[in-house]
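Below: one structure, written as structure tokens.
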Amino acid sequence: MQFRTRAIHVGNPRDPATGAVVAPLHLASTFVQPGAGEWGEFDYSRSGNPTRKALETTLALLESGVGSLAFSSGMAAIHCVTMLIRPGDRIVAGADIYGGTYRLLHKLVRPGAVDVALAPSTDLAGLEKAIDARTRLIWIESPGNPLLSITDIAACAELAHRHGALLGVDSTFATPVLTRPLELGADIVMHSATKYLGGHSDLLGGVLVVGNRDLYDRLYFIQNATGAVMGPLESFLCSRGVKTLELRVREQCRSAAMLAERLASDSRVRRVYYPGLPDHPGHEIASRQMEGAFGAMLSFEVEGDFAAAKKVAESTRLFQLAVSLGAVESLIEQPASMSHASYDRADRLTHGISDGMIRLSVGLEAAEDLWDDLDRALHHGR
Ligand SMILES: *Cc1c(COP(=O)(O)O)cnc(C)c1O
């Protein structure tokens, strides 16, 4: 079965009691057991819930994993992974990562005595230099955020395993439609389900998909012990979102590619970051690693500084000024003042996240309408 067929049919059992074609939403917090000390499949909803299970089953299959765990948010999912790492050990993370991951690693995990190093994951030699004998986890994003940098996942998996570390990939921007990191050798794939998987800006959630049973069991233990599970309603909504994931992503990618090309040839724009453009430094790897399209996120720098970018970001009408991404509604934001404000400014600038940068999440509106909107905003921004 092909991806979109599996997205609709796997993990979505019809209800045997009623024949309903959509699996029911199980809000129950607890489940009756066959006897004292005898356990049925479900006992208590933190440990397992049928609606959450349905989503986890679908996602494990779509990402080619042995199992998946759904969390209350993407950050809860990443936090669960960091709890595999012991004090004194090291996490090496890509430099171009989600602002919240930077905050978790630098302001919470590191003060908790786990060593954290940022390294450019696009440069394998640089990445390897940051790895030491105590490195247990390498954490990357591809495409990165907000520079849309492309990391060679297969090469990173080889590097991580050669040094006895796990490779975790935040694949929120790529979605399993375009890239399946476990097939490329990664150990853990993470998604902010808040973004493309849900796809409609109406739920908060996170997902881990795991490539082997032992690791899955360790992560499940942490999830159950800490309790940041995805709620039944969010699981239901996310399962609904996943059914149209491929259609949405493919169409959104088409619009993003068109906008990237027009922005790249516009004199009001200094630089465009989109892996689909032939002059993007990651274009060649992306062509191999991403299936048939380059994603629906793009960033660009306007001529001018912080104030000029702010003006443009505040001038669009269809692109709404908001963080988050991946939904049917197009969004615009300024990383320096919004999504990446939690970076120390020096780290932000060192890693090329400039004040004049604008990030777009291209939604499902008609592409020509989106272009007209940007064109007008760039005009105002002058
Ligand atoms: C949003 C996001 C996260 C965090 O997910 P939440 O659901 O907001 O907790 C992590 N990584 C990336 C790439 C994201 O876009």
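The values are calculated or read from the model by the stated rules, or taken from the named source; none is laboratory data. Everything quoted here is computed from the prediction, not taken from an experiment. Cβ placement follows ideal geometry from the backbone for every residue including glycine, while neighbour counts extend to all protein chains displayed. SASA here: full protein model, heavy atoms, side chains in, ligands and nucleic acids out. Shrake-Rupley method; radii C 1.70, N 1.55, O 1.52, S 1.80 Å.
Considering only Cα atoms, the convex hull volume of the chain works out to 136 Å³ per residue. Among 113-122, 29-38, 2-11, 169-178, the peptide with the highest mean count of other Cβ atoms within 10 Å heads the list, and the full ranking is 169-178, 113-122, 2-11, 29-38. Extents of region 1-144, taken as max minus min of Cα coordinates on every principal axis and listed largest first, are 58, 42, 24 Å. When only the Cβ of Lys, Arg, Asp and Glu is charged (+1, +1, -1, -1), the dipole of the chain relative to its Cα centre reaches about 440 debye. Sparse packing (at most 15 other Cβ atoms within 10 Å of the Cβ) combined with a DSSP loop state is found for the following trypsin sites (Lys or Arg not before Pro) in region 222-329: 317.
Once the Cα-Cα distance is subtracted from the 0.36 nm per residue extended length, the residue 38 to residue 21 segment shows a gain of 3.0 nm. Measure nothing fancy, just the Cα-based angle from helix 367-380's long axis to the longest principal axis of the chain, in degrees from 0 to 90, nearest 10. Relative to the chain, helix 367-380 is tipped by roughly 50 degrees.
Sequentially through region 124-136, phi angles give Karplus couplings (6.51, -1.76, 1.60; θ = phi - 60°) of 4, 5, x, 5, 4, 4, 7, 7, 10, 5, 9, 6, 10 Hz, Gly and Pro residues having no value and appearing as x.
Given a 1.4 Å probe and every protein chain left where it sits, what share in percent of the accessible area of the chain is carbon and sulfur?
Ligands and nucleic acids excluded, carbon and sulfur give 54 percent.
Here region 245-380 is assigned +1 on the Cβ of each Lys and Arg and -1 on the Cβ of each Asp and Glu. Its dipole about the Cα centre then comes out at about 180 debye. In region 3-243, the DSSP beta bridges split such that about 45 percent are antiparallel, to the nearest 5. Taking Cα centre as origin and charging only the Cβ of basic (Lys, Arg, +1) and acidic (Asp, Glu, -1) residues, the dipole magnitude of region 301-361 rounds to 120 debye. Think of the chain as a dipole: +1 on every Lys or Arg Cβ, -1 on every Asp or Glu Cβ, centred on the Cα centre; then among 309, 29, 167, 29 lies furthest on the positive end. Probing with 1.4 Å while keeping every protein chain in the model, the per residue accessible area of region 245-380 equals 42 Å². Listed by chain and number, the lysines whose C-alpha is less than 30 Å from the C-alpha of residue 129, apart from same-chain residues fewer than 8 away, are 107. Phi angles of region 172-177 translate, via the Karplus equation with coefficients 6.51, -1.76, 1.60 and θ = phi - 60°, into HN-Hα couplings of 3, 6, 8, 6, x, 5 Hz per residue; Gly and Pro are given as x. The H on the amide N of residue 118, modeled in the peptide plane, is under 5 Å from the matching H of 93, each at least 5 residues off or on a different chain.
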